[in-house]
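The values are calculated or read from the model by the stated rules, or taken from the named source; none is laboratory data. Keep in mind the model is a prediction, meaning the values are calculated, not measured. Glycine gets a Cβ as well: all are built from the backbone with ideal geometry, and neighbour counts include every protein chain shown.
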Amino acid sequence: MLSSGIMQRAFLEAIVLGLACGPLGVWILLLRRAYAAESLSHAMLPGLVIAALAGIPLLLGAAGGVLVAAAGIALVARDARAGGDIGVAVVVSGLFGLGGILALSPDTPPRLGELLFGDLLGLTNGDLLAAAALALGVLAALAVAYRPLAATAFARHSARSLGVRPARTDLALLVLLALTTVAAVQGLGNLLLVALILAPAATALNLATRLPAILALAAALAALAGVAGLVVSYQLDIAAGASVALAAVIVASFGLLKPKLDMA
Amino acid sequence: MNVAATDLRGGYARGSDVLGGVTFAVAPGEIAAVLGPNGGGKTTLFRALLGELPYRTGAVTLAGRPAYVPQTDDARLDFPVSAHDVALMGAYGRTPWYRRVARADRERADAALARVGLADRAQARFGTLSGGQRQRVLIARALVQDSPVLLLDEPLSGVDRPSAVQIERLFGELQAEGRTLLVATHDVGQARAWPRVLCLNHGPVAFGAPAETLTTAVLRATYGDELVVLDGAGQAVTVSHHHHGHAH
């Protein structure tokens, strides 16, 4: 299974992405941004399709798509009648629809499935390197941002008095989310990558009691889900990205069966 | 003066100041009660002093960045930290982003928890502590900040008796160290026990020593139509204040 370069790259990509997605997901859940995570990844579809049409790297398309989505959400949220969640819903549905129209037009190469569900087995060395660089950058940034994130998530209204800026911290987390989304989209796909961000994090939050342990556990579980999903997909000959997403959700389900322990 | 404000005006929205010209000055080693109804401007004043809320006019003098103790419901119960972790957050402001929190600060966090009587609960998860214990952990966090000025938002409301005793004793110690405490409260009895009181109700009502300041007229102006109970001498002793601001 590991003899082919294709599978080696797929395993490395799944592990690297898991290591970044797990801890990021913990912060996303602690700062209650699960909806933003789901939305940002969907909203980049037009960017991906345009990149596929123009024959430029998907990574660039994803980056452009996320930027347009973020700008659109910020713009709509400024209208008091719409507000935060509605703004996100409107912009994301609109962009996803636009992506669908573009993807289903006769001129588009038949790659919609690949964009939506990822293609872990179609990665080049360059793809892997770019994803790894982004993922490691996200991990490093999360380590640096640990204290502001903790102070903001724990008690937002008193974070300023500790020298932390909650609004800036929120923004930084969304930027890291966007970077992770861009890094993961090629391997896991636009629809599935959220599973690897949120499911292992939810499990880790239930299984461990202290923040450092939770972050480490989420990274390990996400990497494990990536590897397990790939093995299953190889053995049963089913889609790789979908197997990884399912593995992440199965891991999460087991974790959620355990009642929460308090460290009294 | 450790904390002073001159004609401080400002608030949440343009054209409707919550703070309408607040002037006061509190010396080192003094505790000032900030008295007023909910929505009267206590928290707004604190936010202005913390630099979170730009004020329109006026001036603020502060001896260093104040430490702020929020109401316990600002802190999340499901957040995965121990009491020690929370106390340690007091050191975040002086820790450069590329450094770990210093060992000396870890020791300070232990010492602060011991000072609020929670040395044995240092490793307990914050969310498992009682309301009074959580309030003391948040005070320990402010102690680690080691600021000359502490702003405390209703630190004694809804707190169990042992916690309240411990907190009041600590206030005395902090006073003796020359620190200045501004304590938001709606309890007039408490306010009488401290050297200074600032009455706020959408603007300054009065500031001074409680004996001269807390007259019936001032309390009426502070609390408006809320109930004022008079004792035999015709002096206001209690203001019945509904915490959630329901109509009586």
Has the stretch A:184-191 got any residue that is surrounded by fewer than 24 Cβ atoms within 10 Å (Cβ to Cβ) and either outside any helix (DSSP H, G or I) or within 11 Å of another protein chain (Cβ to nearest Cβ) (or both)? yes
Within the stretch B:78-114, how many residues turn out to be more than 10 Å from chain A (Cβ to nearest Cβ) and under 19 Å from residue A:156 (Cα atoms)? 3
Which one is farthest from the chain's Cα centre (by Cα), of the residues in the stretch A:137-158 that are more than 9 Å from every other protein chain (Cβ to nearest Cβ) and closer than 24 Å to residue B:73 by Cβ? A:152
Which members of the stretch A:90-125 meet the condition of being under 20 Å from the mean Cα position of the chain (by Cα), farther than 27 Å from residue A:75 by Cβ and assigned to a helix (DSSP H, G or I)? A:112, A:113, A:114, A:117, A:120, A:121, A:122
Using the structure shown, decide if residue B:94 is outside the structural domain of residue B:202 (by TED's automatic domain parsing), without any contact (Cβ under 8 Å) to a residue 12 or more places away in the chain, surrounded by fewer than 22 Cβ atoms within 10 Å (Cβ to Cβ) and over 16 Å from residue B:141 (Cβ atoms). no
Report yes if residue B:51 is among the small types (Gly, Ala, Ser), without any contact (Cβ under 8 Å) to a residue 40 or more places away in the chain and either within 14 Å of chain A (Cβ to nearest Cβ) or in contact with a Pro (Cβ under 7 Å, 6 or more places away or on another chain) (or both), otherwise no. yes
Residues that are touching a residue at least 24 places away in the same chain (Cβ under 8 Å), at negative phi and surrounded by fewer than 18 Cβ atoms within 10 Å (Cβ to Cβ): does the stretch B:128-140 have at least one? yes
For the stretch B:83-102, state whether one or more residues are in contact with a strand residue (DSSP E or B) (Cβ under 6 Å, 6 or more places away or on another chain), within 30 Å of residue B:8 (Cβ to Cβ) and not in a loop (DSSP other than H, G, I, E, B). no
Could you tell me whether residue B:166 is farther than 12 Å from residue B:34 by Cβ, at pLDDT 95 or above, touching a helix residue (DSSP H, G or I) at 6+ places or on another chain (Cβ under 9 Å) and not basic (Lys, Arg)? no
Given the conditions (1) modelled with pLDDT of 85 or more; (2) crowded, with 19+ Cβ neighbours inside 10 Å; (3) not aliphatic (A, V, I, L, M), and given that residue A:118 satisfies all but one, which numbered condition is not satisfied? (1)
Considering each residue of the stretch B:129-156, count those that are small (Gly, Ala, Ser) and either closer than 16 Å to residue B:66 by Cα or under 11 Å from the mean Cα position of the chain (by Cα) (or both), and give that number. 3
Give me the residue from the stretch B:115-128 that is over 21 Å from the mean Cα position of the chain (by Cα) and within 11 Å of another protein chain (Cβ to nearest Cβ) and, out of that set, farthest from residue B:156 (Cα to Cα). B:123
Of all residues in the stretch B:169-207 being modelled with pLDDT of 90 or more and small (Gly, Ala, Ser), the one that is nearest to residue B:149 (Cα to Cα): B:178
State whether the residues of the stretch A:136-147 include one that is surrounded by 19 or more Cβ atoms within 10 Å (Cβ to Cβ), part of a helix (DSSP H, G or I) and hydroxyl-bearing (Ser, Thr, Tyr). no
Would you check which residues across the stretch B:48-78 are modelled with pLDDT of 90 or more, touching a Lys or Arg at 6+ places or on another chain (Cβ under 9 Å) and either surrounded by 22 or more Cβ atoms within 10 Å (Cβ to Cβ) or of a type in the set (Phe, Trp, Tyr) (or both) and list them? B:67, B:68, B:69, B:75
So in the stretch A:159-171, with the set limited to residues that are among the basic types (Lys, Arg) and part of a helix (DSSP H, G or I), which one is farthest from the other protein chains (Cβ to nearest Cβ)? A:168
Kindly indicate whether any position in the stretch B:151-172 is hydrophobic (A, V, I, L, M, F, W, C) and within 12 Å of chain A (Cβ to nearest Cβ). yes
Output the number of residues of the stretch B:1-37 satisfying the condition of being under 15 Å from the mean Cα position of the chain (by Cα) and at pLDDT below 80. 0
For the stretch A:85-95, state whether one or more residues are surrounded by fewer than 16 Cβ atoms within 10 Å (Cβ to Cβ), modelled with pLDDT of 95 or more and more than 14 Å from chain B (Cβ to nearest Cβ). no
Give the residues of the stretch B:21-47 that are in a strand (DSSP E or B), out of contact with any helix residue (DSSP H, G or I) (no Cβ under 7 Å at 6 or more places or on another chain) and over 13 Å from residue B:199 (Cβ atoms), sorted by residue number. B:21, B:25, B:26
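Matching residues to (1) in contact with a helix residue (DSSP H, G or I) (Cβ under 8 Å, 6 or more places away or on another chain); (2) hydrophobic (A, V, I, L, M, F, W, C); (3) under 15 Å from residue A:17 (Cα atoms):
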residue: A:114; (1), (2), (3): yes, no, no
residue: A:160; (1), (2), (3): yes, no, no
residue: A:164; (1), (2), (3): yes, yes, no
residue: A:179; (1), (2), (3): yes, yes, yes
residue: A:189; (1), (2), (3): yes, no, yes
residue: A:205; (1), (2), (3): yes, yes, no
residue: A:209; (1), (2), (3): no, no, no
